[in-house]
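Written below as structure tokens is the structure these notes are about.
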Amino acid sequence: MYSEIDTAQLEKAGDYVLSDVELVSFQAADGSKPKRISIRSLISEVNIYEALDQKNLSGTVILTDAQNVIGHLPLTGFERIEFKMFTPGTSRVYDFTFETGHPMFIYKIADRTGVSPRTQMYKLHFCSSEMIVNEQVKVERAFTDTYDNNVISVFRNELKSTKTLIVEETAGIRKYTSPKVRPFEAIDEFSKNAESKKFISVGMMFYETAIGY
């Protein structure tokens, strides 16, 4: 990835491009379109977390809010946050928009403090939709297939994800009965026992990046 960056477009280390950032209400009370509020001008800090040992993307935004956004939307949980963020000169984009990507979901408000009588600061925690779905469903069925196909099956059927999924082929047909566990737990079981079809190795990893899973 880094070898493909056009360094002529970078001005300093840590440079990034951030589009407009919108919060979208969980649902509209009057049956119309959900309410949208731009918070780009309120943002003090943006963090996106991506790791090999983390099943999904997550992140935080810190807002300095003098407009009482959390009261006007309001923020009650599971609101969408939509934006694009990328390093100048690279095609690798965190696309969290509804039109071309996959929105993230707010799941927690933390560190709320008053700055002045009319201004407050707080941190919004957001995550991929798969993290939320994982907490809501269980896998309770038998599998008789390769582990890579089992992962695909859980990813598409239980997690209901439409994101890009890149899977390495595994060797052998395996029988497995899932004892009513969460989708990520079932995928962990497949991953740790998977044997590569092309290489002599046991155990694989399942994680999300800007490209997909």
| task | Run Tyr147 past the list (1) out of contact with any Pro (no Cβ under 6 Å at 6 or more places or on another chain); (2) closer than 20 Å to Thr209 by Cβ and report the number of the one that doesn't hold. | result | (2)
| query | Is it fair to say Glu169 is under 22 Å from Arg80 (Cβ atoms) and either in contact (Cβ under 8 Å) with a residue 40 or more places away in the chain or over 18 Å from the mean Cα position of the chain (by Cα) (or both)? | reply | no
| request: State which residue is most open to solvent (accessible area, probe 1.4 Å) when the search covers only region 57-105 and only residues that are hydroxyl-bearing (Ser, Thr, Tyr), in a strand (DSSP E or B) and out of contact with any Lys or Arg (no Cβ under 9 Å at 6 or more places or on another chain). | output: Thr64
| message | Residues to consider are Asp148, Asp188; find the one that is farther than 20 Å from Gln54 by Cβ, of a type in the set (Asp, Glu) and within 22 Å of the chain's Cα centre (by Cα). | response | Asp148
| task | Check whether at least one residue in region 135-147 is charged (D, E, K, R), touching an Asp or Glu at 6+ places or on another chain (Cβ under 7 Å) and open to solvent by 20 Å² or more (accessible area, probe 1.4 Å), and report yes or no. | result | no
| field | Residue, most open to solvent (accessible area, probe 1.4 Å), within region 114-124, restricted to residues that are in contact with a Ser or Thr (Cβ under 8 Å, 6 or more places away or on another chain) and over 16 Å from Val24 (Cβ atoms) | value | Val115
| note | For strands (runs of 3 or more DSSP E) lying entirely in region 109-213, having 2 or more residues that are out of contact with any Gly (no Cβ under 9 Å at 6 or more places or on another chain) and over 30 Å from Gln67 (Cα atoms) picks out 142-145, 174-177
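The values are calculated or read from the model by the stated rules, or taken from the named source; none is laboratory data. None of the values given here were measured: they were computed from a predicted structure. Using ideal geometry, Cβ is built from the backbone for each residue, glycine included, and neighbour counts are taken over all protein chains shown. Heads up: the accessible areas ignore ligands, DNA and RNA and are worked out on the full protein's heavy atoms, side chains in. Shrake-Rupley method; radii C 1.70, N 1.55, O 1.52, S 1.80 Å.
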